[in-house]
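The values are calculated or read from the model by the stated rules, or taken from the named source; none is laboratory data. Computed from a predicted structure; not experimentally measured. A quick note on method: Cβ atoms are made from the backbone with ideal geometry, for glycine too, and the neighbour counts reach across all protein chains shown. Please note that ligands, DNA and RNA were not included when accessible areas were found on the heavy atoms of the full protein model with its side chains. Shrake-Rupley method; radii C 1.70, N 1.55, O 1.52, S 1.80 Å.
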Amino acid sequence: MTSHLLYLAVFSFLVSAVFAALLRDEPREQVRTGALMFGGFLAAAIVLGWLMYPLPF
Amino acid sequence: MAKSVKSGTRASAVGRAPAIERSTVAALCVAAWIIPGAGHFWQGRHQKGFVFLVALSLMFALGLLFEGRIFPFQPSEPLVALAAVADLGLGLPYAIAKFVGAGAGNVVAATYEYGNTFLIVAGLLNFLVIIDAFDIALGRK
């Protein structure tokens, strides 16, 4: 089964985890930054996908 | 310290981590390239090192599982060459994948582009991780 949303979520989670660890030193801040980034990735992808839906190509 | 790194000396002056030998910094960066997170483990940042080790290795493994391609160095195809440089960002996983013949890529697979993205981004993120370890070694962080 190919779930594009699942692949997107896995990619977003891993990239968010790495960036959060890079950018923040405190574990609590890392979790907060990572969660925000992960949500941002998902929201941006869904909104962009929705906006592109009417495009003919 | 005769061989101290210039910036490290400056950082010591402001009370951050002490400067370390230039050869140690080079070895640290090579270790961070070969094993994701090794540079952070070396400097006692185990939690960060663990996150990098798990996340980047998993991304690379998923890239191969999704039938992505480890791109060859082709100077005639600049984008392919750039992707090859990005793939090379993970030293040991890259070498193992090459050794066992993984990463041939299956262009007709539905997940081919996902696989390429996972492989390329894992390598590029490890370059960032190496730079972060370098900055920590110099006392900038």
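Which is touching a residue at least 40 places away in the same chain (Cβ under 8 Å), within 11 Å of chain A (Cβ to nearest Cβ), more than 19 Å from B:V107 (Cα to Cα) and of a type in the set (G, A, S), of B:G37, B:G63? Spell out the reasoning first.
Values: B:G63 fails: more than 19 Å from B:V107 (Cα to Cα).
Within the list B:G37, B:G63, the selection yields B:G37.
The set of residues from the range B:72-108 being over 17 Å from B:L125 (Cβ atoms) and among the aromatic types (F, W, Y) comprises B:F73, B:F99.
Figure legend. Inter-residue proximity from the range B:69-82: first residues more than 19 Å from B:N106 (Cα to Cα), second residues modelled with pLDDT of 90 or more, beta-carbon distance below 8 Å, spacing 6+ or different chains. Indicated pairs: B:P75/B:A81. Can you run down the residue pairs with Cβ atoms below 6 Å, 6 or more apart or on separate chains, where the first is in the range A:5-33 and under 18 Å from B:G115 (Cα atoms) and within 7 Å of chain B (Cβ to nearest Cβ) and the partner is open to solvent by 30 Å² or more (accessible area, probe 1.4 Å) and part of a helix (DSSP H, G or I)? So the pair list comes out as A:Y7/B:Y114. Among the residues making up the range B:106-129, those that are within 14 Å of B:P36 (Cα to Cα) and either more than 10 Å from every other protein chain (Cβ to nearest Cβ) or open to solvent by 60 Å² or more (accessible area, probe 1.4 Å) (or both) are B:L119, B:G123, B:L124, B:F127, B:L128.
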